[in-house]
1. Would you mind finding the one in D212, D235, D243, D221 that is at pLDDT below 95 and away from ligand 1 (no atom under 16 Å from the Cβ)?
2. Inside the stretch 246-255, can you point out the residues that are at pLDDT below 85 and either touching a helix residue (DSSP H, G or I) at 6+ places or on another chain (Cβ under 6 Å) or not assigned by TED's automatic domain parsing to the domain that holds V216 (or both)?
3. Out of the residues in the stretch 195-219 that are in a strand (DSSP E or B) and away from ligand 2 (no atom under 16 Å from the Cβ), which is farthest from A238 (Cα to Cα)?
4. Among (1) within 16 Å of ligand 2 (Cβ to nearest atom); (2) assigned to a helix (DSSP H, G or I); (3) in contact with a Phe, Trp or Tyr (Cβ under 8 Å, 6 or more places away or on another chain), where does V225 come up short?
5. Just one of the numbered conditions (1) closer than 19 Å to V225 by Cβ; (2) open to solvent by less than 70 Å² (accessible area, probe 1.4 Å); (3) within 13 Å of ligand 2 (Cβ to nearest atom) is not true of A21; which one?
6. Name the residues in the stretch 1-34 that are within 16 Å of ligand 1 (Cβ to nearest atom) and either part of a loop (DSSP other than H, G, I, E, B) or not assigned by TED's automatic domain parsing to the domain that holds F217 (or both), would you?
7. Looking at T91, T50, T98, which is the one that is at negative phi, within 12 Å of ligand 1 (Cβ to nearest atom) and not small (G, A, S)?
Amino acid sequence: MIERTVRLRAQGLTKRFGGLAAVSEVSLDLWHGQLHAVIGPNGAGKSTLTNLLSGDLPPSSGTVHVEGLDVTGWSPERISRHGLGRSYQKTNIFPTFTVWDNVRLAAQSREQPSPFNPIGWWGQAGGMGTVNARAERALEMAGLQDRRQALAGAASHGEQRQLEIAMTLATEPVVLLLDEPLAGMGAMEADRMIGLLLKLKKDHAMMLVEHDMDAVFALADHLTVMVNGQVIASDKPAAVRADSNVQAAYLGEDH
Ligand code: ADP
Ligand code: MG
């Protein structure tokens, strides 16, 4: 039997912005080797949920555990060092740096700076060798070896999204949160990204926020539907697809 492990557990997560509950009592588990897709119309609270899991936003109530440890209220940097990697809905790269330098900087950010070691990697065991090896592995996993010398800003849209994933992988996460990695892609770029996500699924616990339903049904082991900050369904993809409430609230419409 294959052992399945919960890498991330969210319990009762709620986020209020003034009077609006952008995320309301959301609980979910992310398992090693599985992809958990989160879908829902614009404004449903998907990005806010991602921000609560990554520490980019503190929850109004509820908890997040990563690898069994309560990380609620931790800074995003500390949560990242504890094994959570994320990409953002908006592209988040340094356009005037090469692809390689972007990935290497991300690999470097994993090292913890200290007052005696302000630039982090310099005094660490392995130092630059470790950082470069980590960057090299991430570049290769994301399929960008041949593009290392290209300026990030000159890469195609699809390559820029691959680069963001490479930058996330460079921190060697156990949990990967991806917010609409297929947004704005053509069919060929989307296919390539789906192939990459399938590959990454084997070694990570993943959460994917995505509008592309073909991609969601090709990739997801578990599917959560959010509407107005609330989970209206959470089950195996086939069961969610057959759910008439979901049909009415979301899947039947063209978003
Ligand atoms: P989704 O990613 O599903 O499209 P979001 O999580 O971005 O939805 O937004 C959910 C709701 O929370 C929306 O009504 C949005 O306007 C609101 N919201 C998101 N971020 C903030 C914020 N920083 N301040 C106030 N309201 C916000
Ligand atoms: Mg969003």
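The values are calculated or read from the model by the stated rules, or taken from the named source; none is laboratory data. Computed from a prediction, not measured in an experiment: that's the story for all the values here. With ideal geometry, Cβ positions are generated from the backbone for all residues, glycine too; neighbour counts draw on all protein chains shown. With ligands, DNA and RNA removed, areas are computed over all heavy atoms of the protein, side chains included. Shrake-Rupley method; radii C 1.70, N 1.55, O 1.52, S 1.80 Å.
1. D243
2. Passing the criteria: none in range.
3. This residue is A205.
4. (2) is the only condition that V225 fails.
5. (3)
6. G18, G19 - these are the residues of the stretch 1-34 that are within 16 Å of ligand 1 (Cβ to nearest atom) and either part of a loop (DSSP other than H, G, I, E, B) or not assigned by TED's automatic domain parsing to the domain that holds F217 (or both).
7. When all the criteria are applied, what remains is T50.
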